[in-house]
Structures are given as structure tokens and as C-alpha cells.
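Student: Have a look at the structure that comes next, please.
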Amino acid sequence: MAGPLDGATGLLVDGRWRVSGTELVVTDKYTQQPFATIQQARPGDVEAAVGAAAVAASHPMPPARRHDILGEASRLLAARRDEICATYVAETGFTPQDAAAEMSRAVSTMRISAEESVRIAGEEVPVAAAPGSEGRLAFTIRVPVGVVAAITPFNAPLNTVVHKIAPAIAAGNAVVLKPAEQTPLCAVALARVLLDAGLPPGFLQLVCGPGETTGAALVADRRVRFFTFTGSAAVGQAIKQNSGIAKTHLELGSNSASIVAADADLDLVADLVIRAGYRKAGQVCTSVQRLIAHASIADDLTGRLAKRVTALRAGDPRAAGVQVGPMIAPAEAERAEGWIRQAVERGAALLAGGDRDGPVLAPAFLRDPPADSQIMTGEIFAPAVALVTVGGLDEAIDLVNAGEYGLQAGVFTRDLDAAFSAARRLQVGGVMINDTSSYHADAMPYGGVKNSGYGLEGPRYAVQDMTDSRIIVLNLREGT
């Protein structure tokens, strides 16, 4: 079966594409037809991959070389934009506009990571101030952790992968990458880019396959010193419990909310929510799932949004005018449809969409679902936004903080005092003022609290996490 692999098998160990004898089929998410096959990594392949990474990690590349390789990878990634974006659309079901936006961000993330590779530094520690240490000089250096395992999700198979592997390489580590089994081909393309950019064998391994087998073998290997994972809270908890004393970074689920105050610019809100709630068929951790609006403007905002959501076209992502493609699998679309139906049965008003055709779920907009309904408490990960009303900012903040997640939140208001009050009180990793929960620039720190995980992405912050601080103390003798 032909596919966009150009000789790459999907199993990369110590710089060589290998054959495992077990195939993983990749389907077009709209047609549901197979369009490529790759080699699935068996537990023995994972063991070999970690071993090769461990050998490479024992001899880190100098910072200047890391900088040059990642910089060239950024250039090559941009040059291969069209080829990779076509693969992206097929394996994700996202639109070409989604692909282009993520590609641009991935190129930028790779470039920023290159820059961070030559900024790694320690600091002087004032031990001479301690009694008896007057003749000592102390400083820290930052050293690579060693082997980094990156386990990535289906919904950002370019930029989230780059956010994990590029800072790891920038920090001097070797990486074992396990992409989502539904969308492995972008990871193959990224591996080819890095090899062509001059990355030495051993510094990037690629193992594809299900989490239950390939992922479990990776998590069980004690030679891995750092796990970076994006996915569900349940899987994140399993990684934390089964990875020994390795350092972990977990970016987990959310049911992100944006608060709309009485003085908000409603045209701005409506324009931003349409993008932030429905891009990638709503399959983004920070997608606007809950819109918490002041009662005095809720009806006006409802009317504006209902009109815009109704106008969204869903279907074949390659077709002209389609803004929302299929979900990652028919079963996921069916689950989300069930959540919407449950909310409606319990009193919510369905003002747009909600019907399903295979993997395609028509963009849905609901008003006033019950506070304990799944769409208000869980992560629907679908093109669906629910608007609920509150009497004021305090009530809105309490509603956000009552949930189990805490990734990002948006606050729309013209009142600077209200904005800062919300920023201080909301229990989330990031607060976006006059923007939705879904705003994300790749240089900024990105991570959550509560069941949304811990640790930070963003090249500067990831490099810090992916290095260890080492103290060096010199006992100096004056006059010698």
C-alpha cells in the first residue's frame, strides 16, 4: 500500500529505518480508507531504541551543533510544507487551513528551540556568605537529563511533537518518540527532517504503536530519565505511576472556559469563539467548551453565536468552504453526539448542529445545560460549545474553579481591575484577557494545574525541565 514515506518504515532505531514484521495501518479520517502502512514497534524494538538513545545521550552534542541542526531542521520543515500538510490533512481529518497554521507554528517552535540551545546557563551561588566558606566559589551548570521519552497526541502531530523533541535535543538529550497511533506519519516526516538536517544516529528514535504495548514498554524502561506526555488524565496518571523515579511532564485534559463580562466586546467574543471552539473539530485541549456569560448580555451573545455556528460547514476537509472536518474516529463522534443528546434531554437548548454523519459531527452550540451534565464537567473534545449564564464575575470564577481541570481560561472585559482579579483567582495555568482559553504563542510557558497536569511546554521552559542543575564548588586558597 503506497504512502508518503519515501523509504521510511516508521520504526527508526539508531539512525536506521527497520522492519518489525508487524504493520500499523493509517486511515484517511474522512473517507475511513487505509492510505499508508508503517512498521509497529514491538517491545524488543522499544528496548533497542532506548538502548541506542542511552548510548547517544552519554556523549551529548555541543550546544553550537545542536543550534545548527535545529536551525536547519526548521528551514527544511518549511521547505517541505506542501508535502507534509497533505499528509497531515489525510491522517488527522483537519482542514488545510488547520494544517497550514500548525505547520507555521512547528517551524517557529523548531527555530526557537535552536536559539534556546545556546542560552543554557547556570548561576553563581553565594556560598562565601556561609560561615566557614569564605574561601569558596560556587556555581551551577545545567546538564542534560539523558534519555527523554516523548509520547504525543493525535490532535497536534506536528507542533506538539516539535514542542517535545526539539527542546529535548536543544538541551543535549537523546529522544525516543512515540506518536499517537492514529497520526504517526507527521512524526515520520519530522524524523526525516531532523536526519536530513544532520542529527547524528541515536539522538532520535521513532517507535510507533498502541499505548497498551509500545507505550507500556517505553514507560517501563528505567533508562528513560524524563517523560513528556500530552493526552488524557487517565493515561497521564498511569505514566506517573509506572515510570519509577523519572522526571515527568504531563499536559492532560481540560474543559476550558471563557468568561464574558457585562462590558465585553461581543463582536470580538463571537469572532474569537468561532475559531477557538470549532477549529480542528474542537479537538484541542484549550478549545472553548464552556462560555460563561453575564446574564445581561447572554441573549445578545447567544444570537450572534447561533448565527455564526449555523453558517459553519462540516464535511470533507479538502472541499472548498469546509471549516470543520471529521473527528478522529466515528466512535468519538458518536460519543460526543451522546453527550449533546444527554444535555438536551436534561433541559439544554440545542441552537445549532449536533447531528452526526459517520465521523463528522455538525458544529453544535447549546444554551444552559445542567451544571452536572457531561458537557459541563468532562472534556468533550468535539466541535461543541455550551453557553451558561451567571450574575457576575465572582460566580463565573467559582464555576471555573469548581471543576477538576485547570489548563487555561479566557476573560473578556474592559475593566482592568476585574481582569486582574480574575487572573489572580482563577485556578488555571494561563489566563487570557480579551481572548479565549485557546490562545497560545509557542514561546510562552504552557501548562496546567489540577487534573490538567503539571510542567511547562515552551522551548525555554522545557529546556529548563529537561536539564538537571549541577553544583560545582571550588575551595580556593588565597595567595597561592
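Student: Only residues that are of a type in the set (Val, Ile, Thr) and under 22 Å from the mean Cα position of the chain (by Cα): list them for the range 55-88, please.
Tutor: Result: Ile84, Thr87.
Student: Now for a separate question. Working carefully through the options Leu366, Leu393, Leu416, Leu351, find the one that is open to solvent by 20 Å² or more (accessible area, probe 1.4 Å) and within 30 Å of Lys29 (Cβ to Cβ).
Tutor: After applying the criteria, what remains is Leu351.
Student: Open to solvent by 30 Å² or more (accessible area, probe 1.4 Å), modelled with pLDDT under 95 and either out of contact with any strand residue (DSSP E or B) (no Cβ under 7 Å at 6 or more places or on another chain) or over 22 Å from Pro179 (Cα atoms) (or both): does that describe Glu124?
Tutor: Taking the combined requirement at face value, the residue does not satisfy it.
Student: Check the range 67-83 and report whether any residue there is at pLDDT 95 or above, in a loop (DSSP other than H, G, I, E, B) and closer than 30 Å to Arg313 by Cα.
Tutor: Yes, some residue in the range 67-83 is at pLDDT 95 or above, in a loop (DSSP other than H, G, I, E, B) and closer than 30 Å to Arg313 by Cα.
Student: Inside the range 322-344, can you point out the residues that are touching a Lys or Arg at 6+ places or on another chain (Cβ under 9 Å) and open to solvent by 50 Å² or more (accessible area, probe 1.4 Å)?
Tutor: If the condition is that a residue be touching a Lys or Arg at 6+ places or on another chain (Cβ under 9 Å) and open to solvent by 50 Å² or more (accessible area, probe 1.4 Å), then Gln323, Glu334 are the ones that fit.
Student: Looking at Ala386, Ala441, Ala409, which one is in a loop (DSSP other than H, G, I, E, B), out of contact with any Cys (no Cβ under 9 Å at 6 or more places or on another chain), closer than 30 Å to Gly325 by Cα and not hydroxyl-bearing (Ser, Thr, Tyr)?
Tutor: Ala441
Student: Scan the range 158-184 residue by residue and report those that are assigned to a loop (DSSP other than H, G, I, E, B) and closer than 24 Å to Ala220 by Cα.
Tutor: Once the filter is applied, which keeps residues that are assigned to a loop (DSSP other than H, G, I, E, B) and closer than 24 Å to Ala220 by Cα, the range 158-184 yields Ala171, Gly172, Asn173, Pro179, Ala180, Glu181, Gln182, Thr183, Pro184.
Quick grid of which residues meet (1) hydrophobic (A, V, I, L, M, F, W, C); (2) out of contact with any Gly (no Cβ under 7 Å at 6 or more places or on another chain):
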residue: Pro383; (1), (2): no, no
residue: Ala409; (1), (2): yes, yes
residue: Leu426; (1), (2): yes, yes
residue: Asn434; (1), (2): no, yes
residue: Ser438; (1), (2): no, yes
residue: Leu456; (1), (2): yes, no
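Student: Right, next: At least 1 residues that are under 20 Å from Pro369 (Cβ atoms) in each: list the strands (runs of 3 or more DSSP E) lying fully within the range 225-328 that qualify.
Tutor: 257-260, 290-294
Student: Return the residues of the range 288-306 that are within 27 Å of the chain's Cα centre (by Cα) and either among the polar types (S, T, N, Q) or surrounded by fewer than 22 Cβ atoms within 10 Å (Cβ to Cβ) (or both); say none if nothing qualifies.
Tutor: Within the range 288-306, Gln289 is the sole residue that qualifies.
Student: Now for a separate question. Collect the residues in the range 2-48 that are among the aliphatic types (A, V, I, L, M), touching an Asp or Glu at 6+ places or on another chain (Cβ under 8 Å), under 26 Å from Glu332 (Cβ atoms) and surrounded by fewer than 21 Cβ atoms within 10 Å (Cβ to Cβ), keeping them in residue-number order.
Tutor: Passing the criteria: only Leu24.
The values are calculated or read from the model by the stated rules, or taken from the named source; none is laboratory data. Quick caveat, the model's predicted, so the values are computed rather than measured. Cβ coordinates were reconstructed from backbone atoms using ideal geometry, including for glycine residues, and neighbour counts include every protein chain displayed. Surface accessibility is based on the protein's heavy atoms, side chains included, excluding ligands, DNA and RNA. Shrake-Rupley method; radii C 1.70, N 1.55, O 1.52, S 1.80 Å.
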